[in-house]
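Structure first, commentary second.
The values are calculated or read from the model by the stated rules, or taken from the named source; none is laboratory data. As the structure is a computational prediction, the values presented were derived from the model and not from experiment. Positions of Cβ are generated from backbone atoms using ideal geometry, with glycine treated the same way; all protein chains shown enter the neighbour counts. All accessible areas refer to the heavy atoms of the entire protein, side chains included, with ligands and DNA or RNA removed. Shrake-Rupley method; radii C 1.70, N 1.55, O 1.52, S 1.80 Å.
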Amino acid sequence: MTRIRRGYVARKRRTKIRLFASSFGGAHSRLTRTITQQKIRALVSAHRDRDRQKRDFRRLWITRINAVIRENTVSYSYSRFINDLYKSKLLLNRKILAQIAILNRNCLYMISNEIIEDCKEFTEKLK
């Protein structure tokens, strides 16, 4: 029987994995078993942190909006502001509000003052 030359498929798979792990340090970029373990670990971390990133940005936007709103009015807070936004049927998400808060505070002050006036009128109508 003639000898069968093996290794083409396996070598192709290993080089593909090595390309993924080429920036890893030490044995994590050299040894095949550790490369596969680190690849799984990296992909798990990436998947987990995509959700965490959304959470972190939302927290950041809320903090920025709250800080700017509390500067303007003493007894006014983020939760009241968002509640009044929904009451006045203004559809601005937190990302846009945070950008307005950073780039143009006066605009956010104007929005909050308008909302406060609208809510006062609304509560007076109810009484």
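Please state which of the following conditions R11 fails to meet, knowing it meets all the rest: (1) open to solvent by 100 Å² or more (accessible area, probe 1.4 Å); (2) within 30 Å of E117 (Cβ to Cβ); (3) over 18 Å from the mean Cα position of the chain (by Cα). Just one mismatch for R11, condition (2). Which ones in the range 92-121 are closer than 22 Å to D56 by Cα and open to solvent by 80 Å² or more (accessible area, probe 1.4 Å)? Selection gives N93, K95, Q99, I102, L103. When the range 43-90 is filtered for residues that are within 20 Å of the chain's Cα centre (by Cα) and acidic (D, E), the ones remaining, listed by number, are D49, D51, D56.
If a residue has to be open to solvent by 50 Å² or more (accessible area, probe 1.4 Å) and under 26 Å from R11 (Cα atoms) to count, how many in the range 37-57 make the cut? Adding up the residues that qualify gives 6. Quick check on T34: is it open to solvent by 50 Å² or more (accessible area, probe 1.4 Å), among the polar types (S, T, N, Q) and at pLDDT 90 or above? It is false that T34 is open to solvent by 50 Å² or more (accessible area, probe 1.4 Å), among the polar types (S, T, N, Q) and at pLDDT 90 or above.
Within the range 59-74, can one find any residue that is among the hydroxyl-bearing types (S, T, Y) and open to solvent by 50 Å² or more (accessible area, probe 1.4 Å)?
yes
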